[in-house]
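Colleague: Quick one: this structure, given as structure tokens, is what I'll be asking you about.
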Amino acid sequence: SSLQRLPSVGPSLGRQSSISYSRELSRTGTSIGGSFRSDKDSIGRVGGEDGNKSNHVSAKRLYSMIGPDWPYGVIGTLCAFVAGAQMPLFALGISHALVSYYMDWETTQREVKKIVFLFCGGAVITVTVHAIEHLFFGIMGERLTLRVREKMFTGNFNELINTFLCSVSFRYF
């Protein structure tokens, strides 16, 4: 009954009417949960007019933060090249095995044994290379994430301390 008297419910399906509708719902007290933001914060964030511009982080800056872990990147990249080359090599091995069936019996047996040993060795190399690749890129990613989080935490912490110090200094002056 209280929802029927709200003026924003109308024929327009635009975003602005849905935003104003949710504001009216939050003002009427019909929502069960509460919001952690005030209406002032919510209204300022919807339009993007809160005054805070998000700084664009370039890829060059992220790559410079990976600098101490470059050996992990080099080894991970080499393993990625090896892993990418394995599938065409396996295809060549299968085609060679198919061709060997058109030879005489003794030659076919010898070629198939050789291909079986190559495929078993290739399987061991494949598992090893993929494990090293994922391990090294994972280490590199974790360390980069740690550095980015440390920089963000340091920046937020410094901003919080500066805000506190400014509010304390304004009280006494």
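The values are calculated or read from the model by the stated rules, or taken from the named source; none is laboratory data. If you're wondering where the values come from, they're calculated on a predicted model, not measured in any experiment. Note that each Cβ is placed from the backbone with ideal geometry, even for glycine, and that neighbours are counted across all protein chains shown. Surface areas here come from the heavy atoms of the whole protein model, side chains and all, with no ligands, DNA or RNA. Shrake-Rupley method; radii C 1.70, N 1.55, O 1.52, S 1.80 Å.
Colleague: For a protection proxy built on the mean count of beta-carbon atoms within 10 angstrom, sort 158-165, 146-153 highest first, please.
Modeller: Per-residue mean Cβ counts within 10 Å order the peptides as 146-153, 158-165.
Colleague: Which FRET efficiency value, to the nearest 0.05, do you get for Ile125 and Glu159 by plugging their Cβ-Cβ distance into 1/(1 + (r/R0)^6) with R0 = 35 Å?
Modeller: Taking R0 as 35 Å, the efficiency between Ile125 and Glu159 is 0.10.
Colleague: In addition: Are there trypsin sites (Lys or Arg not before Pro) in the range 48-124 that DSSP marks as loop and that have at most 13 other Cβ atoms within 10 Å, and which are they?
Modeller: Details: sites: Lys53, Lys60, Arg61, Arg110, Lys113, Lys114; in loops: Lys53.
Sparse-neighbourhood loop trypsin sites (Lys or Arg not before Pro): Lys53.
Colleague: Can you work out the accessible area per residue across the range 69-161, with the rest of the protein chains kept in place, probe 1.4 Å, in square angstrom?
Modeller: Working: 6860 Å² over 93 residues.
Result: 74 Å² of accessible area for each residue.
Colleague: Specify whether the C-alpha gyration tensor of the range 69-161 places it in the rounded, prolate or oblate class, a ≥ b ≥ c being the square roots of the eigenvalues: rounded for a/c under 1.5, otherwise prolate if a/b is larger than b/c and oblate if not.
Modeller: Prolate is the answer for the range 69-161, as a/c is 1.5 or above and a/b outweighs b/c.
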